[in-house]
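Here's the structure, in structure tokens; my notes come after.
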Amino acid sequence: MTISLNETRSDSASKSDALIREWLFRFGLNFEKDASALLPLWQEQFSAIAPDILNSIFERALHTCKFFPKIAEILEPLQRSAETARPLAAEREWERVLDLRRLHWNPDIPADHSRRMALLPERVQQAARAAGLFRDFATVQDLHVWAKKRFLESYAAYEELERDQFLLPAGELRGLLSDAAEMKSLPPPETWEAMRGRGVVYAAELKSAPRETLQADPPRSHICARPARSIEEQKRILRERGFAV
């Protein structure tokens, strides 16, 4: 028998809803409060959480809260866990792109590197571009300290941007911020095939151009050239100024 993904999600949602109802009743009973009116709000805030995690945070709140818990108090362990996990995830991705640079990056043979970069998530690619990771560095410290710092900052900023982009109402201000973010982000690196294609087109255009066009001097209309004076005129000017007899 095959279990579809929709059936699995429906089963998980049913378990979460049952847990929400059960724990809301238990909290109301423990803190002597009629909490039935909170059911729609709790369903809205907790229904997307997996049942095993949901049961764990409810149980923790029951043992730690002195009063009927607020939703933010129940969700606090998840927020704290996420804040702890973010730096670890960024460090792991840094090591990943560092290995990519060490094993596959060659500025003279960029095709293999470009293919491997395209497999990385956009968040990691953007952080690598912001750090300037795939270029030459003057010292090892520049790579492992300053480039790493820029990588981690860009990696964290990407998540904040994804989370906060819908806080502003649609309009001119959001458009201006989006344009500014787009201008500050570095363009993705071209693949070797794209760069070779542009080179072939340029070489063909250069080959088909008329020879007189290639050898013509640049226009000098903006240059104010003074006509050369004759030897006799130069001597006269020097005598008038007392530099010659």
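The values are calculated or read from the model by the stated rules, or taken from the named source; none is laboratory data. Worth saying up front: this structure is predicted, and the values here are computed from it rather than measured. So basically every Cβ, Gly included, is an ideal-geometry build from the backbone, and we count neighbours across all protein chains shown.
For the reader, a short list of remarks on this structure follows.
- Condition met for ALA131 (within 15 Å of the chain's Cα centre (by Cα), more than 30 Å from ALA61 (Cα to Cα) and modelled with pLDDT under 85): no
- Among the residues of the stretch 70-100, those that are over 18 Å from the mean Cα position of the chain (by Cα), surrounded by 14 or more Cβ atoms within 10 Å (Cβ to Cβ) and among the charged types (D, E, K, R) comprise GLU73, GLU76.
- For the stretch 30-60, filtered to residues that are without any contact (Cβ under 8 Å) to a residue 24 or more places away in the chain and surrounded by 15 or more Cβ atoms within 10 Å (Cβ to Cβ), the residue that is nearest to the chain's Cα centre (by Cα) is ILE57.
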